[in-house]
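Colleague: Attaching a single structure in structure tokens format; questions to follow.
The values are calculated or read from the model by the stated rules, or taken from the named source; none is laboratory data. A quick note: this is a predicted structure, and the numbers were derived from the prediction, not measured. Reconstructed Cβ throughout: ideal geometry from the backbone, glycine too, with neighbour counts over all protein chains shown. SASA here: full protein model, heavy atoms, side chains in, ligands and nucleic acids out. Shrake-Rupley method; radii C 1.70, N 1.55, O 1.52, S 1.80 Å.
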Amino acid sequence: DDIPELPDNILYLDTDTIASDSIEPIFETDMNGIEFAGVIDYLGKWFIRYNYMNAGVLYLNMPQIRETGVFKKARQMCRNKKMWFPDQTALNRCVKKKKFLSTRYNEQRMIHKNTCIRHFCKTLRLFPYFHTINIKPWQIDQMHDVFHIFMYDDILNEYTKQKKIYEELQ
């Protein structure tokens, strides 16, 4: 929000997300008077509050964010208050006007037919025992073994190839 050269609307994606369909419909979202749009957090809706938004995929309206100071307030809160999910919780507490997108744009648990963006964030599982799973897309073997996800292999193969080239340059 302190960089004036940024475009008015920005799609922020966490590094642990993979898109498997066109993200263009997000850019058609009416952001008039809205600071940002995102998807309800799967765990947050159960443990924090029903409209707690996940910060892994956010469509940002920079002029509105600058006008309300939501990012400045969130940074201040992160500096002064202990929170479980500091950035996400601060944004949820400081936002005045947010809009909810379909879960297809930030699917946090499993892939569905209409999933556009899969977010590989930490999640809870109850069976066969209560535990957390925190597998990221670059952990390819675990993605295969635990999630049984193979649909991103073409993207991940390209990632592995580029990573190897980068490492050789170092």
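Colleague: Counting only residues 5 or more places away or on other chains, whose amide H sits under 5 Å from the amide H of Met53 once H atoms are built in the peptide plane?
Modeller: Those qualifying (amide H under 5 Å, at least 5 residues apart or on another chain) are Asp41.
Colleague: Measure off 7 Å from each Cα along the Cα-to-Cβ vector at Ser102 and Lys72, then give the distance between these two points in nanometres to one decimal.
Modeller: The answer from the label model is 3.7 nm.
Colleague: Another question, if that's okay. Hey, what D do you get for the stretch 82-164 in µm²/s if you plug the Kirkwood alpha-carbon radius into Stokes-Einstein at 4 °C and 1.567 mPa s?
Modeller: 85
Colleague: What list of ³J(HN,Hα) couplings, whole Hz, do you get for the stretch 125-139 from phi and the Karplus terms 6.51, -1.76, 1.60, once you set θ to phi - 60° and write x for glycine and proline?
Modeller: Ordered by residue, 3J(HN,Hα) equals 10, 8, 10, x, 8, 5, 7, 9, 10, 9, 9, 9, x, 7, 8 Hz.
Colleague: Then there is this: What accessible surface, in Å², does a 1.4 Å probe find on Arg66, ignoring ligands, DNA and RNA and rounding to the nearest 10?
Modeller: Approximately 80 Å² of Arg66 is accessible to the 1.4 Å probe.
Colleague: Okay, moving on. Cut-off 10 angstrom, C-alpha nodes, Gaussian network model of the chain. Which of Pro128, Pro137, Pro86 fluctuates the most?
Modeller: Checking each option, the largest mean-square fluctuation is seen for Pro128.
Colleague: Then there is this: What do you get when you divide the Cα radius of gyration of the stretch 32-92 by 2.2 N^0.38 Å, with N the number of residues?
Modeller: 1.12
Colleague: Sticking with this one: What distance in nm lies between label points placed 7 Å from Cα along the C-beta direction at Ala19 and Asp2?
Modeller: 2.8
Colleague: Quantify, in whole percent, the carbon and sulfur part of the accessible surface of the chain (1.4 Å probe; protein heavy atoms only).
Modeller: Exposed carbon and sulfur together represent 56 percent of the surface.
Colleague: Same structure, new question: Is there a quick way to get the dipole size of the stretch 1-154? I mean about its Cα centre, with the Cβ of Lys and Arg at +1 and of Asp and Glu at -1; what is the value in debye to the nearest 20? Please list the in-between numbers first.
Modeller: Numbers: 21 positive and 19 negative charges, 226 e Å.
With Lys and Arg at +1 and Asp and Glu at -1, about 1080 debye.
Colleague: Per the Kirkwood treatment, what hydrodynamic radius in Å, one decimal, follows for the chain from the mean inverse distance over all distinct Cα pairs?
Modeller: So the Kirkwood estimate lands at 17.6 Å.
Colleague: Just the accessible area per residue of the chain, please: how many Å² with a 1.4 Å probe?
Modeller: 63
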